[in-house]
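Colleague: This is the structure I want to talk about, given as structure tokens.
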Amino acid sequence: MTSFFRPSVDAMVGYIPSQQPKPGTPIIKLNTNENPYPPSQDAIAVLHNLDPEWLRRYPDPYANDFRQATSEVLGVPVDWIIVSNGSDDLLNLIVRSCADLGRKVVYPMPTYVLYRTLTDMQPAECVEIPYKEDYCLPIEELVAANGAVTFIATPNSPSGHIVAIADLRQLAARISGVLVIDEAYVDFAEETALPLVKEFENVIVIRTLSKGYSLAGLRLGFGIANPKLLSGLFKMRDNYNIDAIACLVGTAAMGDQAYKNECAEKVKASRAKLAVNFKQLGFRVWDSQTNFLLVQPPKGNAEQIFLGLKELGILVRYFKQPGLEDKLRITVGTDEQNQVLVEAIRNEGGERGEERGKIFIKGS
Ligand SMILES: *Cc1c(COP(=O)(O)O)cnc(C)c1O
């Protein structure tokens, strides 16, 4: 039978999202790196006081209020900022604008699975270069692959490690294509590569409000690059890619840096405690500058633990792919949630239902 679709669509696997149960479901959700704390009160207040007129009209196509707020926080000009429907929208925009037959997409592995999916949608080739054992950036191989787009997530998922700025600078200088630095987890990290956008014409830094700002459901992301690099992306994007509510709520959240930083500090403190707990259980734990930990159980039975935890209503992330099949990626929750997780693993999935009942946080 003939297909309805382009050959590249028929050939692709498609992104497989992790479980997203409804708020209020009695589970502990540590599978997709949401922030365990609620969004800023300022953002919630904007939502509660929303004038329905904002819904009747089309939104500002450039989300200028949000760009203005972001410009002030980051100290970059407004016209160096592009706003998107979650940062995934912007990653998609970059691939659609830059990748093509003979214009490759290149990235080190393992990393964010979506880069692969987005490339597969194009008639573009994907070059996946394995990280070295210690997550040292394979610069020579990345340069040699000569991508029209090179993706580096830093801090990276699922490893949690940060790529040295000096390595990114070297890479930016040596490739002719676009270097996309995906800083989805920067709010939990000790450094940012943002200054590189001023040094290099081919560098774009991508941020999101999904993780640090506790607004994954809002779908708001943005990129920072020189206006020449942004010009092609502005042509390709959907005219109204940021809805009116996202722009208003996001602007308020961006303005409340103190709250965002306070939550990040709590997550970082919990991350340190959780890492100690896992090490005490004999797990290997990778250093993380994110709101999750990559861990390797001593018996290597990651899938079994993943399934056992799921039985207990605790969701974590398991990737059935080479190099990750013996590891778990676990979002840092509140200290209470983390404690339940650690207890569950310590008891190898034993009956702790009653205890969990007390601690399950509605809507987490
Ligand atoms: C979560 C994540 C994103 C996507 O975030 P959204 O803004 O919610 O689309 C992008 N890159 C990486 C590496 C992520 O982990």
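Colleague: Please state which one of Lys260, Lys266, Lys273, Lys279 is modelled with pLDDT of 95 or more and buried (at least 18 other Cβ atoms within 10 Å of the Cβ).
Modeller: One residue alone meets the criteria, Lys260.
Colleague: I would also like to ask the following. Mind listing whichever residues of the range 220-256 are in a loop (DSSP other than H, G, I, E, B), of a type in the set (S, T, N, Q) and touching a Ser or Thr at 6+ places or on another chain (Cβ under 9 Å)?
Modeller: Asn241
Colleague: If a residue counts only when it is under 17 Å from the mean Cα position of the chain (by Cα) and surrounded by 15 or more Cβ atoms within 10 Å (Cβ to Cβ), which strands (runs of 3 or more DSSP E) contained entirely in the range 28-132 have at least 2 such residues?
Modeller: Here the list reads 81-84, 105-109.
Colleague: Assess whether Asn239 counts as being polar (S, T, N, Q), touching a residue at least 24 places away in the same chain (Cβ under 8 Å) and either touching a strand residue (DSSP E or B) at 6+ places or on another chain (Cβ under 8 Å) or surrounded by fewer than 17 Cβ atoms within 10 Å (Cβ to Cβ) (or both).
Modeller: yes
Colleague: Within the range 71-89, can you find the residues that are among the hydroxyl-bearing types (Ser, Thr, Tyr) and touching a helix residue (DSSP H, G or I) at 6+ places or on another chain (Cβ under 6 Å)?
Modeller: Those that are among the hydroxyl-bearing types (Ser, Thr, Tyr) and touching a helix residue (DSSP H, G or I) at 6+ places or on another chain (Cβ under 6 Å): Ser71, Ser84.
Colleague: I need the full set of residues from the range 162-219 which are away from the ligand (no atom under 16 Å from the Cβ), assigned to a loop (DSSP other than H, G, I, E, B) and within 23 Å of Arg96 (Cα to Cα), in order please.
Modeller: Ile175, Ser176, Gly177, Phe200, Glu201, Asn202
The values are calculated or read from the model by the stated rules, or taken from the named source; none is laboratory data. A quick note: this is a predicted structure, and the numbers were derived from the prediction, not measured. With ideal geometry, Cβ positions are generated from the backbone for all residues, glycine too; neighbour counts draw on all protein chains shown.
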